[in-house]
Amino acid sequence: MMTFFSVFGIILLAVLLGGGTAGLTGVFVMGLRMPFLAVCSAHAAMAGAVYGVVLHERFGVALPADAAGFAGALLGAALLAYLLRRRSLDPNMALGALFSLMLGLTFLGIGLIRGPKSAAWGLLWGSPLFVTPGQTAVMAAVGVFLGVFLYVFHKELKVLLFSREMAAVLVPQGWILAALLILIAGVITINLEIAGGLLLFSLLTNPALAALRVARSYRATLAWSGLFGAASALGGFLLAYALDLPAGACIVLFSCAVLWGAAVWGKKRVLRTEKKGLSAEC
Amino acid sequence: MPIARLENALVQLGGKTVLGPLSLTVETGDFWGIVGPNGSGKTTLLRVLAGLQAAARGRVVFLERAVENGADYTRALLRRSVGFLFQHHEFLPDLPFTVEDVVYFGRAGVCGLGRRYGAADHEAVREALESLGLAALRKRLYRELSGGERQKTQLARLVAQGADLLLLDEPAAGLDLDWQERLTHLVEDLYLRRGKTLVVVTHDVDHLPASCNRVLLLKQGKPLAAGAPAEVFRPDILSELYGCPMEVAQRNGRFHAFSLECGRRKRDGA
């Protein structure tokens, strides 16, 4: 019984950490007007993890799935950073090209796996039930890094979110963006096990979109987005556990429900404010 | 003392020359007006001066240091010493940034990477907000402001930054007549009251205040004329610049250029 609770506790902690960090980074993914960045990085991480399995199978190189996934996501981020340096290329076009490349590489890698492919398919859908204490510790470390980064560079990040053009004049935009891309790669990698590479996109974008509907400041946006991300992951996981449904899909659907709720709340608040303004004028 | 200098600078985009070769010296206390039709290379010139665009040939010198290959020491120097007002800056309206947030952005480069804002930063922002009459709007969301109020906020950001050289790209473009005049006066105030060195880009001669003391006319990326406004704003030169007969009037020290024929002649294929 004790073992069950400690294992379940680790899973719940992992779910909360994964959802919270995904929500926080989602603000930057959306704020930089690059929603495709999430899906592209997720597929880069997935490709990395799949080739980790291939390397182990063919050459006996034992590479942890997380490390391989992170290497893939980093490679994807480096390629993206290189493409973004070419100002003639629209960021979303660069992401589109990169996404196709990563998707092709992932499915080629899955095809190259000789043995059982269940671990690779697991990366597509995700399942928090298989999270290990080691992975949870990595998640906590990434969460701490993310928190420190957001705290230390908050003023630079705010300028970057406001306008990349303005940031180029006011702050060392290249360094900040590169560090942010690495952190996004880290967060996406740790979340592969939670929501899976295919569904992770929603866990990054939906909480941020929901937060933008209700927040009235930058700090509040980050706080709400982290909270919505954690709530989506936890709510979706518990729903999946109770009803014996796929966890990744439930987490994503729960995040959609959170987004819908936030949109209604935000709209009601705007209407209330307008009503107040009208009565004040009368 | 020269703040910025271009020596035979030539800028190419996609293999096509968009500016130059051009030499220009901006001295401390200058108020340059860069005037030309759309696509004449005005914004490119500002971007070169701000270190955002590299010159394919020639030299760009800032405070006697050559701006070469984006070297870090010149980048940091530029961030502290140059204020840039963009004509249109894209921003995500969903992000809830307040007027005060945007004015604080001006201090981001001055304060230092990863450092918290200090007393000097708070004081600079407070002073900028008050002097531009934005104190009452400081908690308003930037996205809820009118176009004129946004430009005013951006000018407050430049004031808070405290940069010596301000590069303004069409500060009054796209605004109604009232706001055009208000912005023109605010720009003049930056020069007369705060002693900033200004380079203002405009396609409309009317937007240059009377205190503008240097003018460069650009046509298809090349300098057509440069000098004091009275020497440059002549009907024959402006007619050549815009490709149609222009008339010039002067009132309260400001120049106004107009043509009743430009559009008609172009429409008729003349």
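Among A:F145, A:F228, A:F36, the largest mean-square fluctuation in a Gaussian network model of chain A (Cα springs under 10 Å) belongs to A:F145. This ranking places B:W179, A:W265 by how few other beta-carbon atoms lie within 10 Å of each, fewest first, which gives A:W265, B:W179. Once you reduce region B:1-46 and region B:130-145 to the center of their Cα atoms, the two points are 33 Å from each other. To the nearest 10 degrees, how steep is helix B:177-192 against the longest Cα principal axis of chain B, on a 0 to 90 scale? Helix B:177-192 sits roughly 70 degrees off the main axis of chain B. According to the calculation over all Cα-Cα pairs in region B:127-270, the P(r) per 10 Å bin from zero is 10, 36, 32, 16, 6, 0 %. Any idea what angle helix B:72-81 forms with the longest principal axis of chain B, computed on alpha-carbon atoms, 0 to 90 degrees, nearest 10? With rounding to tens, the tilt is 90 degrees. With neighbour counts taken as other beta-carbon atoms within 10 Å, the residues B:C212, B:C244, B:C111 rank, fewest first, as B:C244, B:C111, B:C212. Computed from Cα positions, the angle between helix B:99-111 and the longest principal axis of chain B comes to roughly 90 degrees. Within the listed set A:V27, A:V270, A:V131, the residue fluctuating most in the Gaussian network model of chain A (springs between alpha-carbon atoms under 10 angstrom) is A:V270. The alpha carbon gyration tensor of chain A gives principal lengths a ≥ b ≥ c with a/c of 1.5 or higher and a/b no greater than b/c, which makes the shape oblate.
Extent of region B:14-136 along its three principal axes (Cα atoms, max minus min coordinate, largest first): 46, 32, 31 Å.
Not counting the cut sites, what is the longest span of chain B without GluC sites (Glu not before Pro) that DSSP labels loop and that have at most 15 other Cβ atoms within 10 Å? My reading of the result: B:91-260 is the longest stretch. Taking other Cβ atoms within 10 Å as a rough exposure proxy, A:S217, A:S163 sort from fewest to most as A:S217, A:S163. Of all complete DSSP H helices in chain A, those with a Cα span along the helix axis of 27 Å or greater and a mean Kyte-Doolittle hydropathy of -0.5 or more are A:2-31, A:36-59, A:65-85, A:91-112, A:133-152, A:173-195, A:218-243, A:247-281. Here the protein assembly as shown has an Rg and Dmax of 27.5, 94 Å, counting Cα atoms alone.
Every read-out reported here was derived from the displayed coordinates using simple, explicitly stated rules and does not represent laboratory data. Note that this is a predicted model, so its numbers are computed, not measured. In this analysis, Cβ positions are derived from the backbone assuming ideal geometry, glycine residues included, and neighbour counts consider all displayed protein chains.
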